[in-house]
Amino acid sequence: MTLADIDAGIDAVFLPGKIHSCEWQVYIIYLNESANDGNGSFEIEIIDAKRILDLYVNVKGNTSLFFEMLPDWFQSEWYYCDNGMDGFDDYVDAFPNANFIVGQDGDETDEMMFLVSWAIEAIKKM
């Protein structure tokens, strides 16, 4: 896969074991083409199971609100990997192997429910 093959703004969800090993966290990664002075950057949201469920309950299952409020609930765990930085090419290579990719595996509501289902199971294991 090359950077040109990745659609900007499309979420790729990585469960534990793919690109990280934190059993209570999920990584949501998407390409922001206009970041890094137009050179592109991956935005990486690291979210935990408990807050996924708390947010889902708070927005009463509303998909639009869930993703609108997500940055506020996880703003201290939002990272960037600029094109040209170590690791950027690793994200390019990993992208097609995500556990869920919006548009390929479903829409945003499907993504939200994928996250909620994972969070329920992750909390059961704790």
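Readers should treat all values here as calculations from the given coordinates under stated rules, not as data from a laboratory. As the structure is a computational prediction, the values presented were derived from the model and not from experiment. Because the Cβ atoms are built from the backbone with ideal geometry, glycine has one as well, and the counts that use them run over all protein chains shown.
If only one of Asp90, Asp105, Asp110 is closer than 21 Å to Gly40 by Cα and touching a strand residue (DSSP E or B) at 6+ places or on another chain (Cβ under 9 Å), which one is it?
Numbers: Asp105 fails: closer than 21 Å to Gly40 by Cα; Asp110 fails: closer than 21 Å to Gly40 by Cα.
Being closer than 21 Å to Gly40 by Cα and touching a strand residue (DSSP E or B) at 6+ places or on another chain (Cβ under 9 Å) holds for just one of Asp90, Asp105, Asp110, which is Asp90.
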### Task
Only residues in region 67-83 that are closer than 14 Å to Val26 by Cβ count as the first member; pair them with residues that are in a helix (DSSP H, G or I) and among the basic types (Lys, Arg), Cβ under 6 angstrom, at least 6 apart or cross-chain, and list the lot.
Trp73/Arg51
